[in-house]
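One structure is given here, and the rest of the page talks about it.
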Amino acid sequence: MISNQVLQTTLEGLKTISRVDMCVMDTEGILLASTFEGADNFRESVLGFVNSPADSQVISGYQFFKVSDDSQLEYILIANGNSEDVYMVGKMASFQIQTLLVAYKERFDKDNFIKNLLLDNLLLVDIYNRAKKLHIDTDVRRVVFILEVSHEKESSSIELVRSLFGSKSNNFITAVDEKSVIVVKELEEEEGYPQMDELAASILDVLSEDKKADAVIAYGTIVSEIKDVSRSYKEARLALNVGKIFFSESKVIAYSSLGIGRLIYQLPIPLCKMFIKEVFENKSPDDFDEETLTTINKFFDNNLNVSETSRQLYIHRNTLVYRLDKLQKSTGLDLRIFDDAITFKIALMVVKYMRHMENQEY
């Protein structure tokens, strides 16, 4: 069905051109859109007109028109006036709304298909059969984006994203839950992951400032066939979840950049606890003071380079060496040795993951 907002915009545009006031009501006499006051008083007249065999009729100085879709009555259009000119405007308005019905019905069918495709609700043969009927290309390159906002989804968020791509594009913008906007983007041959980062940033930019502050967007890998679109969606969803844990400062998260984080995210909690106990024995990263954690993180950021780390921490090289020696004594791991550094880095990420999962339970 067409949204009331679209109906209202259509009537206001037609009135600007024709200077004829109009309103649209459903078959139960409920007012949906109007350009004049008092239109809701037509309820009884509308109910009577719905049951009449006529397609148009003059009632109390107003022109009534039926708007149908595939012989199914959907709306009653009422135009203010009973002249030939008003009749002509009413017929044109009825045709316009009928055309919108067809367009929105086609978009609904495609939207429904894409949702089922993303959620793996279709058999392989059904995917290609339905895509053919809906005139959707099956062998073009696509990638799936998920835009998540902190508060419940509003229709304006989807419409804003749609405005970025235009109404005649081969991209699909939909939603499968209350907080996410899904974009299935069709790509040109020359487009790759650098362009996807730019596009993700552009999608964030169309949001209002209050929504943009808490919004995050993730995308999966580029796929070449329509049957693999659901895989790109799952990857984008995983990137979104993993990003909240390990890349909380990032607004744009690509599945291809998750690294070891996507492996840790799939580990069972009991195994994580066993690993942490083996690495730190009776200690926990929570026991490290802020100075030690800062030193560790900066050391990793500088690829285990002692000189560069001490320079950025504004401390003497010997002071940094002392801190690393002290950490080695307490944990048995020397961060200057690559294997020990990898173990320690993974352990910190596992602890971060465990904290996140514990918070999710409350």
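Would you mention how many residues in segment 158-202 are surrounded by 13 or more Cβ atoms within 10 Å (Cβ to Cβ), out of contact with any helix residue (DSSP H, G or I) (no Cβ under 7 Å at 6 or more places or on another chain) and closer than 19 Å to Ser3 by Cβ? Residues in segment 158-202 being surrounded by 13 or more Cβ atoms within 10 Å (Cβ to Cβ), out of contact with any helix residue (DSSP H, G or I) (no Cβ under 7 Å at 6 or more places or on another chain) and closer than 19 Å to Ser3 by Cβ: 5 in total.
Every test in (1) part of a helix (DSSP H, G or I); (2) open to solvent by 30 Å² or more (accessible area, probe 1.4 Å); (3) of a type outside the set (Ser, Thr, Tyr); (4) without any contact (Cβ under 8 Å) to a residue 60 or more places away in the chain is passed by Gly259 save one, and that test is (1). Looking only at residues of segment 224-253 that are under 14 Å from the mean Cα position of the chain (by Cα) and not in a helix (DSSP H, G or I), we find that the one that is farthest from Val140 (Cα to Cα) is Lys251. The condition (being open to solvent by less than 30 Å² (accessible area, probe 1.4 Å) and more than 30 Å from the chain's Cα centre (by Cα)) is satisfied by just one residue among Ser34, Ser60, Ser45, Ser56: Ser34.
Look through segment 306-340, keep the residues that are of a type outside the set (Lys, Arg), open to solvent by 60 Å² or more (accessible area, probe 1.4 Å) and not in a helix (DSSP H, G or I), and return whichever of them is nearest to Pro285 (Cα to Cα). Steps first, please.
Going through segment 306-340, the residues of a type outside the set (Lys, Arg) turn out to be 306-310, 312-316, 318-322, 324-325, 327-328, 330-335, 337-340.
Next, from what is left, pick out any that are open to solvent by 60 Å² or more (accessible area, probe 1.4 Å): 307, 312, 314, 316, 318, 322, 328, 337-339.
Adding the requirement that they be not in a helix (DSSP H, G or I) leaves 314, 316, 337.
Values: Tyr314: 24, His316: 25, Ile337: 19 Å.
The selected residue is Ile337.
Report whether or not Lys277 is touching a Ser or Thr at 6+ places or on another chain (Cβ under 9 Å) and either open to solvent by 100 Å² or more (accessible area, probe 1.4 Å) or in contact (Cβ under 8 Å) with a residue 12 or more places away in the chain (or both). Criteria not met by Lys277. Every test in (1) touching a residue at least 12 places away in the same chain (Cβ under 8 Å); (2) under 26 Å from Arg162 (Cα atoms) is passed by Thr99 save one, and that test is (1). Which of (1) modelled with pLDDT under 90; (2) surrounded by 15 or more Cβ atoms within 10 Å (Cβ to Cβ); (3) of a type outside the set (Val, Ile, Thr) does Tyr233 not meet, given it meets every other one? Condition (1) is where Tyr233 drops out.
If you filter segment 178-206 down to residues that are in a loop (DSSP other than H, G, I, E, B) and closer than 25 Å to Leu119 by Cβ, you find that the one that is farthest from the chain's Cα centre (by Cα) is Leu187. Among the residues of segment 80-121, those identified as more than 23 Å from the chain's Cα centre (by Cα), of a type in the set (S, T, N, Q) and open to solvent by less than 90 Å² (accessible area, probe 1.4 Å) are Asn80, Ser83, Ser94, Gln96, Gln98, Thr99.
The values are calculated or read from the model by the stated rules, or taken from the named source; none is laboratory data. Being a predicted model, the structure only gives us computed values, none of them experimental. Cβ: placed from backbone, ideal geometry, glycine included. Neighbour counts: every protein chain shown. Areas reflect the complete protein model, heavy atoms only, side chains present, ligands, DNA and RNA absent. Shrake-Rupley method; radii C 1.70, N 1.55, O 1.52, S 1.80 Å.
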